[in-house]
Structures are given as structure tokens and as C-alpha cells.
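Written below as C-alpha cells is the structure these notes are about.
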Amino acid sequence: MKKLLAIALITSIWACKEEKKEPSVADTMKTYTIAQMMDNESIGGGSFSPDKSKLLVSSNRSGIYNMYTIPTSGGDMMPITQSDSSSVFSISYFPNDERMLFRMDNNGDEIYHIFVRDTDGSHKDLTPEEGARSLFYQWSEDKSAFFYGSNKRDSRFMDLYKMDLETMDAELIYQNDDGYNVGVVSPDEKYVALSKSINTNDSDLFLYNLESDALMKINKNQSGNAPQDFSPDGSALYYTTDDGSEFSYLMKYTIADESYEKAMERDWDISGSYFTDNGTYQVTYINEDAKNTIEVMEVATGKNIELPKVENMEITSVSFSDDETMMRFYAGGSHTPSNLYVYNLETKEQKKLTDVLNPEIQGQDLVKAEVIRYKSFDGLEIPAIYYTPHQASEENPVPALVWVHGGPGGQSRQNFSSFIQYLVNHGYAVLAVNNRGSSGYGKTFYQMDDLNHGDKDLKDCVEGKNWLAQQPEIDGEKIGIIGGSYGGYMTMAALTYAPEEFDVGVNLFGVTNWMRTLKSIPPWWESFKDALYKELGDPYSADSVRLKQISPLFHTDKVTKPLIVLQGSQDPRVLQAESDEIVAGVRKNGVPVEYVLFEDEGHGFVKKENQITAYSKILEFLDEYLKEDKSTPIKEEDK
């Protein structure tokens, strides 16, 4: 009897302990609407005012991007522009006064103009030529002018101009008749670095003497070369190159004696490097396994300074005040949007200026991505970024999506995405694959999909699906594919050429007819056109046969799985006709097809109202055709 009482007592104690078990995130997490998730503010830029009292930023808090200032001591953001149609992106304060530069296009058509906002609140288009595209490059060393590129003379090529800050008169500095890409101008304005694309990985690098018109080739071998910055005294050009290496490293070319010196090398691509205004620091960005690693070297000592720490976050970008006593930086991660901070380099004090996470969202409900790798069909290791819903478990397997980035040649990165978090919050796992042809994993990997799109890159995505299906927390019978631009092409390629592999497809402004897309690229891509043709194929040659074979538009009869297509009518890269025609073709099969078209968007959706519409439509589609039982009959209106 005593033994029975003891067992009962132990059982009772264990029961109490189990009752008091701490609830998991899945037990306490909330499910958010798309309006709530898109109310996470997105902020970019951060130019210091001349007196360092303010930062000039861009924010989408109004529903589209506008320009704001925010005190570096902390406080409320002040709206500077109030556009309700085209997005406004800040460029910079003027170096010596509080005039501001910003850029706008027309609802996503990518024909950017540069504007000045005067201290009296008025603004003026500095590059008003209709149909011409202008890009800000840099301030002059003496801060009396800025350099910019424009294709107003020839729509194919960007010429180099210098605009005086007092008169606002522009002077043509370099006429680009041969399709070079304009890089950086030397401090003494004697040289401009130019590059010429050979293919999508390799380019030649040149120094052009603006005084003598002499052009000097810098690289000795065919490789990927990109100008970064001149040394503060103008004696050397720093550039990234992968000559003799899988990954890009930083090279120093001294102009006087034409000598070369490897300045920095890491285990990953060095993606950018520049000197601060007075040359005190050299800032270098490294693409380390799909996230930014930043090194700030004190030039005088050659040692890296210690960057500030933010718990559970990564510093994603930095910028300095002109006197180099203050640094602004962003910190965030795949699980949290990036906030803006200022850091005093002398006192080591840091201050958080923004809180961009919607206060209605609990931070613990968002999911931190995990970098995984899986073997593809031929044994090649494929990197991917994996988001697992909190509610997913072996007892509760969830549906999943293979996410394909844009490009070709892009990269899914460990950045915050409100859309991905929305999907994950609603119980969809997401595997963002970096299939062969993605950047960031060496030039051999990058070139593996050349003239092979819709084949091995697609098989990598299928193997990503197979990897997902093997995970105990995933319902292997409910896996779809989603992507934008090139990723949208991969969605359609999957539904067309591997029609039984994925259960649904989400195509955001994806290419469906490569011949039309390659023939209709924007004129300002002329310098890159031949390189693009070498990767994808020349539509005016015998390559057109293969391009037609890999274009889903001509094989829509193979599509059997539900599809949703989203498109911006102002898109200059993937024309609306691409989506119009693929929708019409697939509908002939009696397959459920939904089509969402935005008249005021380009290549990607930047307006919150449109994002909310687009992403809520996608979730509704997934809930109906992927999450629910596939025995659900097709609605009559979808036929």
C-alpha cells in the first residue's frame, strides 16, 4: 500500500511539474495580418548634416518612400517630402549647407532624375531631360560640385558630368561612346576608373586620363574587376578582382610606377571598399555566407577599429560624418528589421535613433533564418537560407515553399523580409535556395548556369524541395515554389518542365519569353548587353532555338498546378506582356490561375498599399491551393 501511495505521489509531482512547464514560442505566438507585418518601417540612407545635428534618410512610413530628417541626439523624424505617387530616395545633404539631393523615377520606370531641395523648402529637377536617366556618383574633393552620370546624349550610354553647386550648371567631363561603365573619379579629377563587361562575371578595368584622353588597361588577365576607390592622395586605385582566385580580393594599383599590391583578401568575396573623406578609415564589406561582414581599418595604424555591439543583431552598413568623428550604422538580421544608430568614435557612445518594428508585433514571434547546405542531383553542394515556423514540428508538419532569388546571378541573403516573415508566421516554411549561378560562392559556382538556365539550376531547386520533404517538420506533399524576376522564371520553368515536382507556383514579374526579354532590355543596359547574351544566349542568333525551348510561354500546355502571377505595368525589365500571355496560356488548361496587376509599380512593389494587396493575395492563394486538402475541387470561376 505504501508503495502504491509513493508511486501516486511521484506521479502527482511529475504531473504538477508538467503543468508548470514554460510555454513555448509556438504556444504564445500571435498571428499577424499583412497590414501589421508591412507596418514594419523600412529606413535607408543616412547622410549627416554639415553640423552633424541631423541625418537625412528615406522611409516608407507614409506608405511610399519619402525623405526625412532625424536628430542625431534622438527624437522624432521630420518629413521633408510628401509624395503620394512616386517614391523619393534621399542621396545626401550638401557638404557645406543644408540643401539636399534626392532622386525619383516615375512609379518604378527606373528613369531616375536628380533633384535639389533648397533650404526654403522648394525643389528643382536638376536633370529634367525627358526620358533620360541620371545617377549620382560622388562629391568633388573640394565639395564645390558633384559628379553624376546621364544618358541624355545617347540613351545607350552613361556620360560623366560635373555639376557646380552654386550655378547648378552641368559640364560634360567624359563622353562615353564605347559602352564603358563609369566608376570613381580621382581626388585631383585627373582620372576616372572605367570598366567594360566581357561576360556577367568578367570585365576589363581601365584608367582614363581626363587631361590627355589616354586610356590605360589595368588588369592583366581576364577576370572579374570592379573599381572601388582612389587612395586619399590620389596616387593609387583600389579595385576588387578574382584574378587567380575563386573569390574577389582587394588590389592596390599605384599609378606612378604601375605596380600592383594585394591589399586585402578574405575567405569570401570582398564586395566593396572605400576611404572616408579625410582618409582616416578604410571601410570594407565582405559577403560572408550571404550576410555583410564589415571591417573598418584605421589607415594610420593598419588596424581594424572595434565596431559597436548590438545584442542579437549584425551591423549591416556604416557611414561617417565628414569630420569622421561620428558614424551612423544599421543593425538588424533575418529576424528583425534594421534600426538606425549613431556612434561617437571619440566617446564610444552609441544611440539608437529608430524603432522600426511595428509595436503590435512581438519580436520573439519572428523567425531567425538558418544557413543550411544540401547536395544537388550531381553532388554539388547548394547553400540555402531556411526559415522554420515556430508552430512546425514532427507532430505538426507544415507546408513549405522553395524561394528563388532574382538575377540571374543574384543571391538570397540573411536580410529581414516582412513578406517572408508573414508567410512563416502563417505556418509556411521557406527555403531560399542559392542555386548554381548565384553570386557569393565563388566564380566557378557563379558561372555554372551560363547557357543552361531552366536545366541544372532548376534541378537544384527540385533538390531543395526534396531536402524539405525529408525534414520531419515539413509536410512533403505540400511544397510550392515562389520567386520574382529570374525567380519568377524559375517558378514557371518548374511548373512547365517539372510539372509534378511542385504543388503550386507563385510568379512575381517573372520572365516567360527569353527572346522578347533579351530583345527589349532597357537602352541603358547597352554596356552590359553583350555580357548578358553570353550568359543567356543571343536572341538574334542560333541561340534563339534554345531560348525558345527554355521559355515557359511556349510550353504552357504542360502546366497542371495552380498558379498566381503578379506584375507591375511600369516594369522596364520584364514587360507586362510576359505576365499577360503566360496567364492566358495556362488558363487554357483549366488550371486555377490568379493574376494581380499594379498600374503604378515597376520591377518590384515598393508602395505599402500594393505590397499589402499583393502579399495577402499570395497567402490566400497558398491557403486555398497548398495548405488545404488537394482534393478541393477547382472553382468554376478559376477554370
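Limited to segment 531-542, what total is found for residues that are without any contact (Cβ under 8 Å) to a residue 40 or more places away in the chain and over 18 Å from SER485 (Cα atoms)?
Step one: of segment 531-542, the residues without any contact (Cβ under 8 Å) to a residue 40 or more places away in the chain are 533, 538-542.
Still in the list and also over 18 Å from SER485 (Cα atoms): 538-542.
Residues that pass the stated criteria total 5.
How about segment 274-290: which of its residues are farther than 15 Å from MET327 by Cβ and crowded, with 19+ Cβ neighbours inside 10 Å? The answer is ILE286, ASN287, ALA290. Would you be able to say whether some residue in segment 103-126 is under 15 Å from GLY46 (Cα atoms) and buried (at least 18 other Cβ atoms within 10 Å of the Cβ)? Scanning segment 103-126 turns up at least one residue that is under 15 Å from GLY46 (Cα atoms) and buried (at least 18 other Cβ atoms within 10 Å of the Cβ).
Only one entry in TYR274, TYR341 is in a strand (DSSP E or B) and either in contact with a Pro (Cβ under 9 Å, 6 or more places away or on another chain) or closer than 28 Å to MET38 by Cα (or both), namely TYR341. Where strands (runs of 3 or more DSSP E) sit wholly within segment 143-218, those with at least 3 residues that are more than 30 Å from the chain's Cα centre (by Cα) occupy 170-174, 215-217.
Scanning segment 25-51 for residues that are crowded, with 16+ Cβ neighbours inside 10 Å and in a helix (DSSP H, G or I) yields ILE34, GLN36, MET37, MET38.
Counting only residues that are surrounded by 14 or more Cβ atoms within 10 Å (Cβ to Cβ), modelled with pLDDT under 95 and farther than 24 Å from ARG61 by Cα, segment 590-639 holds 2 of them. Criterion first (touching a Cys at 6+ places or on another chain (Cβ under 7 Å), of a type outside the set (Ser, Thr, Tyr) and either surrounded by 20 or more Cβ atoms within 10 Å (Cβ to Cβ) or not in a loop (DSSP other than H, G, I, E, B) (or both)) does ASN435 satisfy it? For ASN435, the condition - touching a Cys at 6+ places or on another chain (Cβ under 7 Å), of a type outside the set (Ser, Thr, Tyr) and either surrounded by 20 or more Cβ atoms within 10 Å (Cβ to Cβ) or not in a loop (DSSP other than H, G, I, E, B) (or both) - is met. Return the residues of segment 286-316 that are among the hydrophobic types (A, V, I, L, M, F, W, C) and assigned to a loop (DSSP other than H, G, I, E, B); say none if nothing qualifies. The answer is ALA290, VAL299, ALA300, ILE305, LEU307, VAL310, MET313. Of the residues LYS352, LYS348, LYS368, which single one is out of contact with any strand residue (DSSP E or B) (no Cβ under 9 Å at 6 or more places or on another chain) and among the basic types (Lys, Arg)? Exactly one residue qualifies, and that residue is LYS348. Number of residues in segment 70-101 that are more than 21 Å from LYS608 (Cβ to Cβ) and either surrounded by 21 or more Cβ atoms within 10 Å (Cβ to Cβ) or not basic (Lys, Arg) (or both) equals 15. Screening LYS561, LYS548 for residues that are in a loop (DSSP other than H, G, I, E, B), more than 30 Å from ASP178 (Cα to Cα) and of a type in the set (Lys, Arg) leaves exactly one candidate, LYS561. Residues of segment 450-486 that are under 18 Å from HIS405 (Cα atoms), without any contact (Cβ under 8 Å) to a residue 60 or more places away in the chain and not acidic (Asp, Glu): ASN452, LEU458, CYS461.
Could you tell me whether segment 317-331 includes any residue that is part of a loop (DSSP other than H, G, I, E, B) and free of Cβ contacts under 8 Å to residues at least 12 places away in the same chain?
So far as segment 317-331 goes, no, none of its residues is part of a loop (DSSP other than H, G, I, E, B) and free of Cβ contacts under 8 Å to residues at least 12 places away in the same chain.
Restricting the first member to segment 240-261 and to residues that are among the β-branched types (Val, Ile, Thr), and the second to residues that are assigned to a loop (DSSP other than H, G, I, E, B) and crowded, with 17+ Cβ neighbours inside 10 Å, the beta-carbon pairs closer than 9 Å and six or more apart or on different chains are THR240/GLY224; THR240/SER248; THR241/ASN219; THR241/SER223; THR241/GLY224; THR241/SER248; THR254/SER231; ILE255/SER186. Only one of the listed residues (VAL506, VAL511) is aliphatic (A, V, I, L, M), in a loop (DSSP other than H, G, I, E, B) and touching a residue at least 60 places away in the same chain (Cβ under 8 Å). That residue is VAL511.
When MET104, MET78 are checked against the criterion of being under 30 Å from GLN576 (Cα atoms) and either without any contact (Cβ under 8 Å) to a residue 24 or more places away in the chain or in contact with a helix residue (DSSP H, G or I) (Cβ under 6 Å, 6 or more places away or on another chain) (or both), a single residue qualifies: MET104. For PHE206, the criteria (1) over 16 Å from TYR238 (Cβ atoms); (2) out of contact with any Gly (no Cβ under 8 Å at 6 or more places or on another chain) hold in every case but one, which is (1).
With respect to LYS54, is the statement that it is over 24 Å from GLU601 (Cβ atoms), surrounded by fewer than 16 Cβ atoms within 10 Å (Cβ to Cβ) and at pLDDT 95 or above true? No, not satisfied. If the condition is being out of contact with any strand residue (DSSP E or B) (no Cβ under 9 Å at 6 or more places or on another chain) and among the basic types (Lys, Arg), then segment 543-590 contributes ARG546, LYS548, LYS558, LYS588.
The values are calculated or read from the model by the stated rules, or taken from the named source; none is laboratory data. What you see is a predicted model; the values in this text were computed from it and never measured. Here the Cβ is made from the backbone with ideal geometry for all residues, glycine too, and neighbour counts use every protein chain on show.
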